[in-house]
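One structure is given below, encoded as C-alpha cells.
The values are calculated or read from the model by the stated rules, or taken from the named source; none is laboratory data. None of the values given here were measured: they were computed from a predicted structure. As a convention, Cβ positions derive from the backbone with ideal geometry for all residues, glycine included, and neighbour counts pool all protein chains shown. Surface accessibility is based on the protein's heavy atoms, side chains included, excluding ligands, DNA and RNA. Shrake-Rupley method; radii C 1.70, N 1.55, O 1.52, S 1.80 Å.
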Number of protein chains: 2
Amino acid sequence: METISENKCFGGTQGVYSHTSAVCGCEMTYGLFLPEEVEFGPVPVLWYLSGLTCTHENAMVKAGAQAWAAEQGIALVFPDTSPRGDGVADDDAFDLGQGAGFYVNATEAPWAPHFQMWDYVTEELPALLFENFAIDEARQSITGHSMGGHGALTIAMNLPERFRSVSAFSPIANPTKSDWGRNQLTAYLGSDEGKWAANDASLLMREKGFPGPVLIDQGTEDQFLDLLKPEALADAIATRRQEAIVRMQKGYDHSYFFISTFMEDHVNFHAEALYAG
Amino acid sequence: METISENKCFGGTQGVYSHTSAVCGCEMTYGLFLPEEVEFGPVPVLWYLSGLTCTHENAMVKAGAQAWAAEQGIALVFPDTSPRGDGVADDDAFDLGQGAGFYVNATEAPWAPHFQMWDYVTEELPALLFENFAIDEARQSITGHSMGGHGALTIAMNLPERFRSVSAFSPIANPTKSDWGRNQLTAYLGSDEGKWAANDASLLMREKGFPGPVLIDQGTEDQFLDLLKPEALADAIATRRQEAIVRMQKGYDHSYFFISTFMEDHVNFHAEALYAG
C-alpha cells in the first residue's frame, strides 16, 4: 500500500492511498478520513460510495462529510467507482466502463477481468482497511450518491449482518427498470434478467428489506429523476413496513450542493446506529 | 450578465455567473451564494478571495463555507483570481499571469491591458453585485486564502471604511520580501519597490492597521511557510497593538482540508462584526 497524501483535517487525517487490487487486477486508489479519536482505539466507520464519473476524490473534497465525522468520531472511506488504467476495458459513454462500475461483479466480456467492484468494496478493501487501520469491523454503516446510493443499498441489503444502518442521496433506486441500470447490467451481467435482481434496491427492499434504519434523501428538482425512480423504492419501503425515513427535498438537484446540505443529517443518523448498544 | 448555473444549497442558492468586465477586458466568472434570508431583504456579504491557480470554483466547492453562511444568513462572493482567455497575457509559471493576478492593477507590459484585479474586485464586481442582488453594501467583510489572504488583508487595510472585519487563511503576508511577491510585483508594477508597499499586508499593518477585528489562521506544517512569512505579519500586528487573533494551527498544511476545518470559525467571526450595531 502506498500513501499518496495525508492532510490534517478537522483534528484528524484525510489520507489517500493506493494498492494493487487482486480482484480488480489493477492499482486502486481510495480516500480514508480518520478522526483524532483513532489514537485511542478502533473507531466506527461509514462507507461512502460515489456516483457515475467520480473517483475516490469527489466526495472527499466536496461533500463536507469530515466536519460531521470528526464531531462524531467516525472514520469515512471513499472507494473509487471502478477499476482504471490502460489495460482496463472502457466505453465512450460516461455511464459504462471506467468511472461506472455499478458495484457489481461483471461476468461478461470485455468487463469480467477487471470489473469486480462488488468483491472489491465488500471483501478486498475492507480486509485491507481492518488490517492497516484502527477501524472497528463491528461498527460499520454505509451511504452513497446516485450509482453509489444504489451500491450502498444493494450491499447493505445483501450483507444485513455487516451494516448497522444505510442511507442514500438520490440513489439509482430501480436499475432493472431504468436506462441507468438495464444498459449496464446487460453489459456486465448479461441479458438474463434473473441475474439482475440482487442488484436492484427496490426489488431487494420488496424481497428482504434491511434489519436496521434506512434514510433516503432525494431532491425534487433532480435532473435525473426519471432515471433514478425514487417512487419504486418509496413504494417498496412502505409496502414492507421497513423502518425508514424517505425525504423529498424541495428545490434540490443532483449535485454535491445537495449532498453537502444534508450530509450532517446522514452522518448523525449513522452515528446514532454506530454508537447504539 | 449570464447565469452559468444555480443550485439550491443549504436552503439558499449557489450561483455561478459570467459578465463582460470593462476593467479586465475579458469575460469574468464569479460564484455567489445567497442564503434564503435574501428573500426578505438585503443580506450582509463576505468576500472570499482565492489563491494561486484557483478559479471562482475551488472555494465554492471545497471550503464548506455555505453551511455556516446559511446558518448566519450571509452571502458569499467567490471572484476569479485573474483575467482569462486567449487574448490575455500569460506565463508558464503557475504563480504569474492567469490564475495569479495577485489583486493588483498592473502597470507594466504585457500585463497592464487585462490584469486590473484590484479595480475588478474593489469596484467593478461590487457595483455589479449591488445592482443585481439584494446584498447590503453597508455590511461587508472579507477573507481569503494564500494569495487571496494577501488580497483580503491589503484590500481591507486600503479601504478601511468598507469592511467591518478581515480574516485570512495562510496569507502571503509579506510579499515584498518573498518570492511569492517580488517576482509578481516586479512583473505587474515594475522594479521600483516604492510602488509595492500598498500591496504588502505586513507593511500596511505597520503603517496603518485596520479599524476592525482581524483573524489569521496559519498551519504549522504548511509547505509554503518560507514564502508566506506569517512572522512578519504577527510582528506587525503585535507592534501596532492591532485588535487581532493570530492562530498557529498545529499540524495543518496549506490545503483546503485546512481551510474547511476552520471555515466555521471565520464565518462566525465575520458574522459577529456584520451583525453588530
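Observations
- Note that the range A:206-212 has calculated 3J(HN,Hα) couplings of 5, 7, 9, x, 9, x, x Hz, one per residue in order, obtained from phi through the Karplus relation 6.51 cos²θ - 1.76 cosθ + 1.60 (θ = phi - 60°); glycine and proline are x.
- Local net charge near A:LEU227, Cβ-Cβ under 14 Å (Lys/Arg +1, Asp/Glu -1): -4
- List of the range A:211-257 residues, accessible area with partners at least 30 Å² below that of the chain alone (1.4 Å probe): A:TYR252, A:ASP253, A:PHE257
- Compactness of the protein assembly as shown - radius of gyration and Dmax, Cα, Å: 24.9, 78
- Part-to-part distance (alpha-carbon centres) for the range B:64-91 and the range B:153-176, which is given in Å: 16 Å
- Amide proton proximity set for A:LEU52, modelled H, under 5 Å, gap of 5+: A:MET147, A:GLY148
- Among A:GLU264, A:GLU193, A:GLU36, the largest mean-square fluctuation in a Gaussian network model of chain A (Cα springs under 10 Å) belongs to A:GLU193.
- Percent of Cα-Cα distances greater than 30 Å, calculated over chain A: 22 percent
- The longest stretch of chain A left intact once loop-based chymotrypsin sites (Phe, Trp or Tyr not before Pro) with at most 16 other Cβ atoms within 10 Å are removed from consideration, loops following DSSP, is A:95-274.
- Relative contact order of chain A, defined on C-alpha pairs under 8 angstrom at six or more residues apart (%): 17 percent
- By the rule of a C-alpha distance below 26 Å, with chain neighbours fewer than 8 residues away ignored, the lysines paired with A:LYS195 are A:LYS177, A:LYS208, A:LYS229.
- Accessible area that becomes buried as A packs against B, both chains, 1.4 Å probe, Å², nearest 100: 1700 Å²
- Only lysines eight or more places from B:LYS8 in sequence, or on another chain, were considered; those with a Cα closer than 17 Å are A:LYS62, A:LYS250, B:LYS62.
- Amide H contacts under 5 Å for B:VAL43: B:ILE135, B:ASP136, restricted to partners 5 or more places along the chain or on a different chain, H placed in the peptide plane at 1.01 Å from N.
- Remark on B:SER165: its backbone amide H falls under 5 Å from those of B:ILE142, a criterion applied only to residues 5 or more positions apart or on other chains, H modelled at 1.01 Å from N.
- Local net charge near B:PHE269, Cβ-Cβ under 14 Å (Lys/Arg +1, Asp/Glu -1): -4
- Chain B: most fluctuating residue of B:GLY85, B:GLY194, B:GLY149 per GNM, C-alpha cutoff 10 Å: B:GLY194
- Applying the criteria of a DSSP loop state and at most 11 other Cβ atoms within 10 Å to the GluC sites (Glu not before Pro) of the range A:96-174 yields A:GLU161.
- For chain B, built as a Gaussian network whose Cα springs stay under 10 Å, the top-fluctuating residue of B:GLN184, B:GLN249, B:GLN218: B:GLN249
- Local electrostatic count at B:LEU159 - Lys and Arg +1, Asp and Glu -1, tallied over other residues with Cβ under 14 Å: -1
- DSSP bridge analysis restricted to the protein assembly as shown gives an antiparallel fraction near 50%, rounded to the nearest 5.
- Rolling a 1.4 Å probe over the protein heavy atoms gives the range A:2-274 an accessible area of 36 Å² per residue.
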